[in-house]
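Values in this text are rule-based calculations from the coordinates and carry no lab data. Keep in mind the model is a prediction, meaning the values are calculated, not measured. Here the Cβ is made from the backbone with ideal geometry for all residues, glycine too, and neighbour counts use every protein chain on show.
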Amino acid sequence: MHKGKGMKFVGDSRISAEKTSQVPKDYSEYPGRTEAFWPNFLLKEWLVGAVFLVGFLCLTLAHPSPLEGVADPTDAAYIPLPDWYFLFLYELLKYEFASGDFVLLGMLGIPGLAFGALLLAPFLDNGPGRRPHQRPVAVGMMLLALVSVIWLTYTSASHVDWEARAEANKPVPESSVEVDTSHEGYEVYQNSCASCHGGELEGGAAAPTLVGIEYSAEEIADIAVNGMGGMPAGIFQGSDEELEQLSDFIITVNESAK
């Protein structure tokens, strides 16, 4: 018999007298101080998580993510961007202290310190209080991280015209034009123009379509040699006869498309 604990009777030596019950304790005698993890605390966590999940799903349905076209390795002017949840790291690498000679600091040093600090926050501020004002270190570090991520993401996204970017990089539809592969200018086109304008003159991310253009054979020949707009001069390196064949081929395809 132990003082204040009552009497214990053990009828089987294989059963420990100190065995505890699996039923959670009744914490009603200590209101506001603590509660059972299962199911009280965990149920609250699940409810909060479910609300955020439903809200996130509604957001994705109302504002779908802007998808771009198929990657084009011939487009040297295209600037790839990470997904929105990595835009803050992309923006961080634009600052002098995180780029150039200090790029490793921006890639590994600063993010490593930031995430490491968040991991250590519960251990740096391990007071018994659960309210935000009772845990200033952990709450302050979390707010600083949240504000930094939101600001860097907003700054990076504000410099991008997402609608124009998505419009310019839409997948190229398949061409409905029948190309005469037996034409003498077809091989010239394949060697000089197909890498940018497509195998069926349908165009791509690096160059516009050649179907439906309103140029004469002389104008096409001049553009092929001297370039125009984003097309540099000197791309066509063939002979005058091949240039004439190329112009005639493009004109023939456009006439068949009318």
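Its residues counted as N, the range 186-257 yields a C-alpha radius of gyration over 2.2 N^0.38 Å of 0.98. Across the range 138-145, coupling constants 3J(HN,Hα) worked out from phi with the 6.51/-1.76/1.60 Karplus curve, θ = phi - 60°, read 5, 5, x, 5, 5, 5, 4, 5 Hz, and Gly and Pro carry x.
Residues VAL139, VAL48 in ascending order of nearby Cβ atoms (within 10 Å, fewest first): VAL48, VAL139.
Here the relative contact order of the range 82-159, from alpha carbon pairs under 8 Å that lie six or more residues apart, stands at 39 percent.
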